[in-house]
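See below for the structure under consideration.
The values are calculated or read from the model by the stated rules, or taken from the named source; none is laboratory data. Keep in mind that this is a model prediction, so the values were computed, not measured. Glycine also receives a Cβ, built like all others from the backbone with ideal geometry; neighbour counts cover every protein chain displayed.
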Amino acid sequence: MLAALNAGAHVLCEKPFALSCADAERMVLAAQAAGTAALVGCEFRWAVDEALAARLIRHGDIGTPQLATFVQHSSLVAGGLPQAFNADWWLDTGRGGGILNAAGVHVIDRFRSWFGEVESVSGQLSHASLTSHGRAEDTYTASLRFASGCFATLQHCAGSKGPGLRICRVVGDAGTIWLDAGAVHLADADPARIVDVPPDLELPTQPEASSDPREVFTWLELPAYTRLAERFRDLIEGRTIDPAAPATPTFAEALRNQRVSDAIRVSSTQNGAWIDLPGAG
């Protein structure tokens with residue numbers, strides 16, 4: 001990565017961005033020195049429901065966000081990792097594996113892009129499935145305090161058997177938004193309803209289902225990743241970015257996400273102690 005930046009290349013880096021904040025800071029400095037396009041793979045900023053919720057929150061449709069909740073339980077680890085994943089990496093703590101780096105970074109990025117910078121963190125990493133015991137965590141729980149005043153609770157367990165569970169809800173002082181089955185629901189002074197998706201937030205058509213086990217998540221990831229790749233192209237070619245479009249996940253943004261995930265890990269070693277993040281105000 002550093003060699004590519006030092007050579008003046010444009011870089012699109014997959015997540016997890018780095019193994020530590022120190023590494024992430026070196027990458028950001030190298031990108032700044034290179035002056036090239038440097039993005040991280042937070043493609044779900046373009047997922048229709050996330051992008052629409054971000055726009056509604058930004059436009060004040062629920063007033064000032066006060067409380068946010070994200071919960072997801074799945075059998076991703078308990079049922080055996082799909083071939084779409086590199087199991088050797090996924091369960092290897094030393095190489096940055098585990099549910100926090102593999103998936104939690106997307107939730108951290110989502111809430112940061114919705115509510116601003118995180119001020120302090122309390123977290124716990126754990127193992128729910130025998131598959132992951134002695135290896136990277138399959139479960140994290142975290143509480144985030146934002147400089148804006150919003151408070152968020154995150155829990156993601158990949159070691160759960162049985163039906164999956166997914167909740168994402170934001171309560172503001174003038175309304176509530178929740179995401180369900182790809183749709184965004186809004187309740188405010190008017191009755192609860194599904195919000196129509198504006199044309200500019202629509203994604204390319206999902207690819208047809210594949211029998212290849214390595215492609216089990218392509219339908220979910222490819223449409224949003226296409227938009228990320230288009231943004232990468234636009235920056236390289238110097239095109240104007242629509243300010244109403246999802247914000248660009250730059251290396252600087254990735255560093256801020258890294259600080260949150262690192263703080264969760266530190267907190268977990270201190271029985272969930274609150275860890276303050278520098279510069280959040």
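Kindly establish whether Ser210 is surrounded by fewer than 19 Cβ atoms within 10 Å (Cβ to Cβ) and closer than 30 Å to Ala87 by Cβ.
Numbers: surrounded by fewer than 19 Cβ atoms within 10 Å (Cβ to Cβ): yes; closer than 30 Å to Ala87 by Cβ: yes.
In short, yes.
Looking at Ser267 and the list (1) in contact with a Ser or Thr (Cβ under 6 Å, 6 or more places away or on another chain); (2) surrounded by fewer than 20 Cβ atoms within 10 Å (Cβ to Cβ); (3) not hydrophobic (A, V, I, L, M, F, W, C), which single condition is not satisfied?
Every listed condition holds for Ser267 apart from (2).
Quick check: anything in the stretch 50-67 among the basic types (Lys, Arg) and either crowded, with 20+ Cβ neighbours inside 10 Å or in contact with a helix residue (DSSP H, G or I) (Cβ under 6 Å, 6 or more places away or on another chain) (or both)?
So far as the stretch 50-67 goes, no, none of its residues is among the basic types (Lys, Arg) and either crowded, with 20+ Cβ neighbours inside 10 Å or in contact with a helix residue (DSSP H, G or I) (Cβ under 6 Å, 6 or more places away or on another chain) (or both).
Scan the stretch 247-270 residue by residue and report those that are in contact (Cβ under 8 Å) with a residue 40 or more places away in the chain and over 19 Å from Phe146 (Cβ atoms). Reasoning before the result, please.
Restricting attention to the stretch 247-270, the residues satisfying the condition of being in contact (Cβ under 8 Å) with a residue 40 or more places away in the chain are 247-265, 267-268.
Within the stretch 247-270, Thr248, Thr250, Phe251, Arg265, Ser268 meet the criteria.
Among the residues of the stretch 10-47, count how many are of a type in the set (Val, Ile, Thr), buried (at least 18 other Cβ atoms within 10 Å of the Cβ) and in contact with a Gly (Cβ under 7 Å, 6 or more places away or on another chain).
0
Examine the stretch 101-122 for a residue that is surrounded by fewer than 19 Cβ atoms within 10 Å (Cβ to Cβ), at pLDDT 95 or above, small (Gly, Ala, Ser) and farther than 28 Å from Gly182 by Cβ, and state whether such a residue exists.
Yes, the conditions are met somewhere in the stretch 101-122.
For the stretch 1-111, list the helices (runs of 4 or more DSSP H) that sit wholly inside it and hold at least 3 residues that are under 30 Å from Asp190 (Cα atoms); which are they? Full working, then the answer.
Details: elements: 2-6, 21-34, 48-58, 87-90.
Correct list: 48-58.
Please count how many residues of the stretch 240-280 are over 23 Å from Ala53 (Cα atoms), hydroxyl-bearing (Ser, Thr, Tyr) and assigned to a loop (DSSP other than H, G, I, E, B).
Count: 1.
Among the listed residues Phe217, Phe232, identify the single one that is in contact (Cβ under 8 Å) with a residue 24 or more places away in the chain and surrounded by 15 or more Cβ atoms within 10 Å (Cβ to Cβ).
Working: Phe217 fails: surrounded by 15 or more Cβ atoms within 10 Å (Cβ to Cβ).
One residue alone meets the criteria, Phe232.
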